[in-house]
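Have a look at the structure below, then the notes.
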């Protein structure tokens, strides 16, 4: 696996993880009671994006490490993946 492939896969895992982590701990302005005139009541009162970026980086690094470990030690052989992805034989 080339360095470019490793980076591309990590970036994909990072973005998917980021969108999964993004809604954690969000309280809307309506829920918190701190409503600012002219804004959407569903907008977050405090977004804390940098904390979520940090969480995303740690979680995606763990996910990528597990994926890389499975690839290097051939825990999911290509023949097995081909066999389970075929349509059932009737």
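The values are calculated or read from the model by the stated rules, or taken from the named source; none is laboratory data. Predicted, not measured: the structure shown is a model, and the values here were computed from it. Don't worry about glycine lacking a Cβ; one is built from the backbone with ideal geometry, like all the others, and counts go over all protein chains shown.
On the basis of being more than 21 Å from the chain's Cα centre (by Cα), surrounded by 13 or more Cβ atoms within 10 Å (Cβ to Cβ) and without any contact (Cβ under 8 Å) to a residue 12 or more places away in the chain, does residue 35 make the cut? Yes: the conditions hold for residue 35. Just wondering, is there one or more residues in segment 4-11 that are surrounded by 14 or more Cβ atoms within 10 Å (Cβ to Cβ) and either assigned to a loop (DSSP other than H, G, I, E, B) or touching a residue at least 40 places away in the same chain (Cβ under 8 Å) (or both)? Yes, segment 4-11 has at least one match.
Per-residue answers, yes or no, for (1) closer than 20 Å to residue 25 by Cβ; (2) assigned to a loop (DSSP other than H, G, I, E, B); (3) over 14 Å from the mean Cα position of the chain (by Cα); (4) free of Cβ contacts under 8 Å to residues at least 60 places away in the same chain:
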position	(1), (2), (3), (4)
39	yes, yes, yes, yes
47	yes, yes, yes, yes
56	yes, no, no, yes
64	no, no, no, yes
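Yes or no: residue 70 outside any loop (DSSP other than H, G, I, E, B), modelled with pLDDT under 95 and under 26 Å from the mean Cα position of the chain (by Cα)? Considered against the rule, which asks whether it is outside any loop (DSSP other than H, G, I, E, B), modelled with pLDDT under 95 and under 26 Å from the mean Cα position of the chain (by Cα), residue 70 comes out as yes.
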